[in-house]
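Asks: Before I ask anything, here is the structure I am working with.
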Amino acid sequence: MVDAGYREWSRVWIALWIVAALSTTAFSQDYNNRLGQQRGGKVTFEPLGPGVFFDALDPTVKRWYVPQELYHDYRFRTWEYSNYARDRYERYVNTTREGEYFYDTFGNFVNRGWLIYDWRQEALTPLGSSIYQDSRYQGWFNQVLIATDSKGGALYSITTGDQIRTTLTPMTFSKPAFNGIQLDLAADKYAGTLLLSRISSPVRSSVSSADTRTNATNMIGGRALAQVGDFVTVGATWVNAHNTRTTLGSFDSNPTKGTLGDGQARVPINAIALVLSDDSPEDGEGGTALFSHDLVVVREDFQNGIRETLSLADLTNDPTRWPVIEGGFREEGFLAANGIQRIIINYDFNDPAYVGPDPTEIVKVTFDLVLANDYKVEVWSDRQTGQQTPPEAPLTRAILDERNPVLLEIARAPDNTKDGSNRRRLVFDYGLPTATQIYGFTIEAQDVLGFNFYGEYDINQKFRQYPNLALFTDDRSFEDASTRADAWMMNLSFQDYPWFFFGEAFSMDHDYSTSSFLLNQNGDINYDQPSQFFYEFVEDNDDQDRTPDWQRGGQPGPDFAIFPGWDENNDFVSDFNQNDNRTISNRIPDYDEPFLRYEVDRPEFLFGIDLNNNDWIDRFENDDEPDFPYKRDHRGYNAYSGAHVIPGVRVSVGQTREELLSSERENTTTYGLVTVDENWAGLGRLRAFNMLKRAKDTIPDDRRAPQGFLLAGLPAKVADILPAQDTWVNSLFIGFDYTRIPQLNIRNKIKYDLYVQRSDDLRALDRSPLHDRSSFFGLINKVDYTYRFEGLSIQPRFKSQYLKRTPFLRREADIEEWDGFLSMILKFPVLRHSMIEMGTEFRQLRELRADEDALVQESVLGPTGDLNETNLAVQWSTTTDYLGYVLLLQTGFRLSRQSLETIEMLDLEVDKKSTVETGTTTFITIYAGVEQ
């Protein structure tokens, strides 16, 4: 009886537990697949899709809601009445961490988080090129993402960023701010790099939604290195930028040759013109000689796919009316264009004299020319778009001068031949640019019997295609063509004390290019707008900072504050205007500013090597060219050898010889060099430099003028007047700093440059006559002494600056002047953290060339060049800590008085007069910093 009762109660309790369990299950949160699936001891999160829900298999007409988020999280039943009088309303909260679910290509769950960066290239679909960069990419990661891995001696890194410092080789790819992806591999004897980027419209910073494009320009490049033995490393480099259209299949054609964009391919070419000119117009002779010209057109019947080739005779019924030829003059057997003259051959496919196929049927156009002498061939078409609408055919000399239409260079004569001996046949296919490619190899040897060697050879290819609407509509490949240019360099050095040697040889074709055109969103290119439609593999960055000197599409720039070699303290400010900044611009260089000019000398007193003979030190030059190791269109060598005679004294001799490949200009400079750098204990430091050279240099090397201040804008261009065409040149610098007496500094500098012309009646590039002897002599003497007594500091200073110059051009006047500065600086502390600084400066500037009495007698009115100046300044400085910052308060007063001597008409008489100007400045300035 007891057993029966026990069993009965057991059944009841079991039933209650089952009901309770079911009730608990019914009212507990169902996570479904949120916590993953257990598979073989591992939890996976792959997508499973919706399953079969057996509770929803009842055949009812009434709509039935499957319990989902609101039911499982908040017990909310859509079909029931809601009343919150007893059970308070629970607001929506995020019960899980932020972010989204992400899965990879194979359906594997990646994570729940944020999509930071995504670049996709999908074929056979419009808007298939997309880049997404989340705001967290900029805010959290500062526009750089790095993933690394390693095992044993193998290392791997992938870097994604908007400004990556990247160099493959100096002749193929070098950028301070590469926007894209860099993948690097390294092992004991091997290394490799892969670069990827959408260089047209790259996303900088972040976007709210993916930036999608149908027309784009992509860049891919790489470099591989392998060590051979213990001393030799070989490498291979490849860089390619190509236009792409995502409606095409990825492998319908060679993708590295690129394709035409939508805007380029949709409109047929209706007119083409060849422009032939003199490649060296300055000599006025021996320009283009055109012996014959022909045109071959290939048409296609798009109904049956049959192609037909037609020559010039098949395209016109009157060869005297088509093509239309303008310009040039007739010589015996050829048409010539010398100097500024041009020959223009117009092929207008809408001209009444043209009887060839319709422009929509043309798939290929080939030109066949026979040329000689110093020719230059350029091509124009009505599809070479620019900032202005292309002119209507025919092209004329007036249109070239007034409208400046876009011309693409095809060929140039390799030298300045004038006797017709370089007669050649030039055959080329016309097309619009689609891709730029560079590939090459390097060899490097380190410390082989004391020698070091580096060699590089690169080949540049530029691809182009002829547009046709029917081929574009059918997604077929266009007819393509290409041109080639080569570049190579070799460096060899040797060190075995006291002997040393260095030699270099180089060659770069004039059309070697690391530039690529960029497609816009419509598939067009403005060929005359490099700031938006050019991409550079190698930047112009003469001052080697993070910003390129020029403006190019999709990158920072331009950088107008360019001062190569003038920022030795690396603070991004010119050392000749150290107190300049972008907050408050200072337009007065330090060598002209009161009190500062004692320490800072004028740039004319700098010394250094000038192997291109343009009267400017090579390492300070700022040009408009990519930063190749050598200049384009140049071929030659340089070699020097020498010895350390004694410690601190070095002697070397050498020769530079280079030529322009496109003309007969050359530079042959033979030189000897002596340098002395001695520190004598207890006396001072002696520095001496002397370079004697015989120069025959007719190669112009233009440059940009140095900037006076940071916000000065685009630097002015300075033309090379060719001052050393057949010249002896001597450059001497001597500097001695006396430091034997404590607190006494005596500094002296002498610079003397002398140019002696060896030929009579030499003329500058603009035909202006040159002086037979030109020179620059400068002498600077400075002395200062600092006296200190219980916090008081007194420093008297004196500076003498003498300058004498005979310019290169006869039309320019000689200069001789003396500038003297006497100043005193007084400093003493006040209170605990304050100081008073007082200073006075007297200046005398004397022009020593002109006879003032003679000027008065000859009634030559104007300034005589003499100047007296007085400056007085008082400044109070207080330093204090405030809210975690160091505050510096400065207040003061400065007075400046100038007395300028002039010759004026006074009471009907010509006489000297002093014009006085007085200026004052008061200031209260507060600076905040984190350190004193």
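Asks: Applying 1/(1 + (r/R0)^6) with R0 = 30 Å to the Cβ-Cβ distance of residue 308 and residue 329, what FRET efficiency is obtained, to the nearest 0.05?
Replies: Rounded to the nearest 0.05, the efficiency is 0.20.
Asks: Enumerate the calculated ³J(HN,Hα) couplings along the range 305-313 in order (Karplus 6.51 cos²θ - 1.76 cosθ + 1.60, θ = phi - 60°), each rounded to whole Hz, writing x wherever the residue is Gly or Pro.
Replies: For the range 305-313, the Karplus-derived couplings read x, 7, 10, 9, 9, 10, 9, 4, 5 Hz, x marking Gly and Pro.
Asks: Sort the following peptides by mean Cβ neighbour count (other Cβ atoms within 10 Å, averaged over residues), highest first: 523-530, 898-905, 476-483, 257-264. It would help to have the intermediate numbers written out before the result.
Replies: Details: 523-530: 19.2, 898-905: 15.4, 476-483: 17.2, 257-264: 24.6.
Top to bottom by mean Cβ count within 10 Å: 257-264, 523-530, 476-483, 898-905.
Asks: Sticking with this structure for a sec: Give the peptides 577-584, 554-561, 847-854 in descending order of average Cβ contacts within 10 Å, highest first.
Replies: 554-561, 577-584, 847-854
Asks: Rounded if a/c is under 1.5, else prolate if a/b is larger than b/c, else oblate: which is the chain, with a ≥ b ≥ c the root eigenvalues of its Cα gyration tensor?
Replies: oblate
Asks: Using the basic label-point model (7 angstrom from Cα toward the beta carbon), what is the residue 850 to residue 815 distance in nanometres?
Replies: Going from the residue 850 label point to the residue 815 one covers 1.5 nm.
Asks: Neighbouring Cβ atoms within 10 Å as the yardstick, rank 379, 756 fewest first.
Replies: Details: 379 20, 756 14.
Fewest-to-most ranking of 379, 756: 756, 379.
Asks: So for 242, 644, 510, fewest C-beta neighbours within 10 Å to most, what's the order?
Replies: Going from sparsest to densest Cβ surroundings: 644, 510, 242.
Asks: Under the Kirkwood approximation for Rh and a Cα-based Rg, what ratio Rg/Rh is obtained for the range 845-932?
Replies: 1.35
Asks: Moving on. Using helices alone, I'd like the mean residue ellipticity at 222 nm for the chain: each DSSP H run of four-plus residues gives -39500 (n - 2.57), total over residue count, nearest 500.
Replies: Counting only the DSSP helices, I get -2000 deg cm²/dmol.
Asks: With θ taken as phi - 60° and the coefficients 6.51, -1.76 and 1.60, list the Karplus ³J(HN,Hα) couplings across the range 516-533 in order, rounded to whole Hz; mark glycine and proline as x.
Replies: 9, 7, 10, 7, 8, 5, 8, x, 10, 9, 9, 6, 9, 10, x, 5, 10, 10
Asks: Please work out the FRET efficiency for the pair residue 828 and residue 685, using the Cβ-Cβ distance as r and a Förster radius of 35 Å; give the result to the nearest 0.05.
Replies: 0.65
Asks: Which value, in debye to the nearest 20, describes the size of the charge dipole of the chain about its Cα centre when Lys and Arg Cβ atoms bear +1, Asp and Glu Cβ atoms bear -1, and nothing else is charged? Provide the component values of the computation, followed by the final result.
Replies: Values: 92 positive and 138 negative charges, 703 e Å.
Dipole of the chain, to the nearest 20 debye: 3380 debye.
Asks: Another question about this same structure. Quick one: of 693/751; 257/364; 782/804; 376/631; 696/804; 751/913, which pairs are farther than 23 Å apart, Cα to Cα?
Replies: Numbers: 693/751 16 Å; 257/364 17 Å; 782/804 18 Å; 376/631 20 Å; 696/804 26 Å; 751/913 35 Å.
Distance filter (> 23 Å) returns 696/804; 751/913.
Asks: Find out how many positive minus negative residues lie around residue 340, taking Lys and Arg as positive, Asp and Glu as negative, among other residues whose Cβ is under 11 Å from that of residue 340. Intermediate values should be presented prior to the final figure.
Replies: Working: positive: 342, 397; negative: 278, 282, 401.
So the environment of residue 340 carries a net charge of -1.
Asks: Now a separate question. Please name whichever of 855, 910, 926 sits farthest to the positive end of the charge dipole of the range 813-927, dipole taken about the Cα centre and charges placed at Cβ: Lys and Arg +1, Asp and Glu -1.
Replies: Most positive-ward Cα: 926.
Asks: Rounded to the nearest 10 degrees, what's the angle between the helix 2-27 long axis and the longest principal axis of the chain, both from Cα atoms, 0 to 90?
Replies: 40
Asks: Test of understanding: ordering 860, 239, 93 by Cβ neighbours within 10 Å, fewest first, what list do you get?
Replies: Neighbour counts put them in this order, fewest first: 93, 860, 239.
Asks: Express the C-alpha Rg of the range 586-737 as a ratio against the empirical globular expectation 2.2 N^0.38 Å, rounded to two decimals.
Replies: Taking N as the residue count of the range 586-737, the ratio is 1.23.
Asks: With θ taken as phi - 60° and the coefficients 6.51, -1.76 and 1.60, list the Karplus ³J(HN,Hα) couplings across the range 81-91 in order, rounded to whole Hz; mark glycine and proline as x.
Replies: Computed from phi, the couplings for the range 81-91 are 5, 10, 9, 10, 5, 9, 9, 4, 5, 9, 5 Hz.
Asks: By the gyration tensor of its Cα atoms, with a ≥ b ≥ c the square roots of the eigenvalues, what is the shape of the range 157-297: rounded for a/c under 1.5, prolate for a/b over b/c, or oblate?
Replies: It comes out oblate by the Cα gyration axes.
Asks: Now a separate question. Provide the packing ranking of 297-307, 608-618, 351-361, i.e. peptides ordered by the mean count of other C-beta atoms within 10 Å per residue, highest first.
Replies: Per-residue Cβ counts within 10 Å, averaged per peptide and sorted highest first, yield 608-618, 351-361, 297-307.
Asks: Provide the gained length on full extension for the span residue 147 to residue 402, in nm with one decimal, where the gain is 0.36 nm per separating residue minus the Cα-Cα distance.
Replies: 86.3 nm
Asks: Counting other Cβ atoms within 10 Å of each Cβ, which trypsin sites (Lys or Arg not before Pro) in the range 782-828 have at most 16 and sit in a DSSP loop?
Replies: 810, 811
The numbers here are math on the coordinates, done by the rules we state, and not lab data. Here the structure is a predicted model, which is why all the values come from computation and not from measurement. Here Cβ is always computed from backbone atoms with ideal geometry, including for glycine, and neighbour counts include all displayed protein chains.
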